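The structure appears right after this line, and notes come after that.
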Amino acid sequence: MEQLVELFSQINPFDLIQVIFWGLAGAISFYFSIGNARVWTSISIGFFLIFIGQAYAINPFAHYYKLSAYHYIIGTVAIMLITHGFLEYYVFCKTFEISGQKIFVYLSTIVILAGSGAFLIINPTPGPNTIRNFKMIEHAIWIILCVMNLELIRKIYESIKDATISRGFIAFGIVFICIFLWKGSELYLQIYQWDKDWQDIIAVMTEESSDIDKYPLRVAFSESVSRYAGLLSSMSVGGTFIYIYKLLK
């Protein structure tokens, strides 16, 4: 019990605040998926999964590497679901057709997450460097799909700009700009091996080195962008869902 208390005492307060905001956004988005049309389901579940992934930041069992890898898989599935949802919404704006039922989205998500978990179970436990690779892949996918979502949101807005709900998609655009800055700054640090994960790895590897000391301002700036853009992302998502929910009432 004392060890568990000690682990929780090491949680970064900034991470805790961010998780609380994502928790609010996740709860609203999950409720939103239940109480609204099928076309919103993938988007809402995706944002709910982001909350689950972000909750990992205050997880006292982070030293279990398979759990760490699963966290980054959840994040990747989340942005793929969100992108699929916006693509569906764009098709709906053009054709007024909705493919499938809500239960299909729920079951598909469960199957994908279960399959990913099985993949990790049957494979060797990943080491710190492999976990870092998982994280880099997740960030790269997020950045690419954020750009795609911004374009989809623009097209959706153009299609429904005369409708009241169109203002909600402007808010979604702000959300993805924040997320792009958040994930982009983290990937930037990783590419140049300035991230904390890499510093921890090379601390026990004498043959590796880093030039992080040569660029203190760039590193500090990128870390600040990541920290505050992540917080703004969580706040803007919660606010966006509250706003859209009111528009649809």
(request) Using the Karplus curve 6.51 cos²θ - 1.76 cosθ + 1.60 with θ = phi - 60°, work out ³J(HN,Hα) for each residue of region 104-115 in order, rounded to whole Hz, and write x for Gly and Pro. (result) 5, 5, 4, 5, 4, 5, 4, 5, 5, 5, 5, x
(message) Between Ser224 and Lys246, what is 0.36 nm times their sequence separation minus the Cα-Cα distance? Round to one decimal in nm.
(response) 4.6 nm
(message) Could you derive backbone 3J(HN,Hα) for region 237-245 from the dihedral phi with the Karplus parameters 6.51, -1.76 and 1.60 (θ = phi - 60°), listing whole Hz in sequence and x where the residue is Gly or Pro?
(response) 5, x, x, 5, 5, 4, 5, 5, 4
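If each residue of separation counts as 0.36 nm, what is the full-extension length gain between Ile170 and Leu67 once their alpha-carbon separation is subtracted? Write down the numbers at each step before the final one.
Details: separation 103, 0.36 × 103 = 37.08 nm, distance 3.54 nm.
Result: 33.5 nm gained on full extension.
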(message) I'd like the chymotrypsin sites (Phe, Trp or Tyr not before Pro) in region 81-121 restricted to DSSP loop residues with at most 10 other Cβ atoms within 10 Å, sorted by number.
(response) Phe96
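Using DSSP to define loop residues, name the chymotrypsin sites (Phe, Trp or Tyr not before Pro) in region 168-201 whose beta-carbon has at most 16 other beta-carbon atoms within 10 Å.
Working: sites: Phe169, Phe172, Phe176, Phe180, Trp182, Tyr188, Tyr192, Trp194, Trp198; in loops: Tyr192, Trp194.
Answer in residue order: Tyr192.
Please give me, ordered by residue number, the trypsin sites (Lys or Arg not before Pro) of region 138-228 that lie in loop per DSSP and have at most 16 other Cβ atoms within 10 Å.
On the way: sites: Arg154, Lys155, Lys161, Arg167, Lys183, Lys196, Lys214, Arg218, Arg227; in loops: Lys161.
Counting only loop positions with at most 16 other Cβ atoms within 10 Å, the trypsin sites (Lys or Arg not before Pro) in region 138-228 are Lys161.
Specify whether the C-alpha gyration tensor of region 96-203 places it in the rounded, prolate or oblate class, a ≥ b ≥ c being the square roots of the eigenvalues: rounded for a/c under 1.5, otherwise prolate if a/b is larger than b/c and oblate if not.
Working: a/c = 4.21, a/b = 1.46, b/c = 2.88.
Since a/c reaches 1.5 but b/c is at least a/b, the shape of region 96-203 is classed as oblate.
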(request) State, to one decimal in nm, how far the label point of Phe96 lies from the label point of Asn133, with both points 7 Å from Cα in the Cβ direction. (result) 5.1
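If R₀ is 41 angstrom, what is the calculated FRET efficiency for the pair Tyr215 and Ile103, using the beta carbon separation as r and rounding to 0.05? Spell out each step's value before the answer.
Numbers: r = 51 Å, r/R0 = 1.23.
Efficiency for this residue pair is about 0.20.
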(request) Grab the Cα-Cα distance for Leu113 and Ala27, subtract it from 0.36 nm times how many residues apart they are, and report the gain in nm with one decimal. (result) 29.0 nm
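Each reported figure results from applying straightforward, stated rules to the coordinates on display, with no laboratory input. Worth saying up front: this structure is predicted, and the values here are computed from it rather than measured. Don't worry about glycine lacking a Cβ; one is built from the backbone with ideal geometry, like all the others, and counts go over all protein chains shown.
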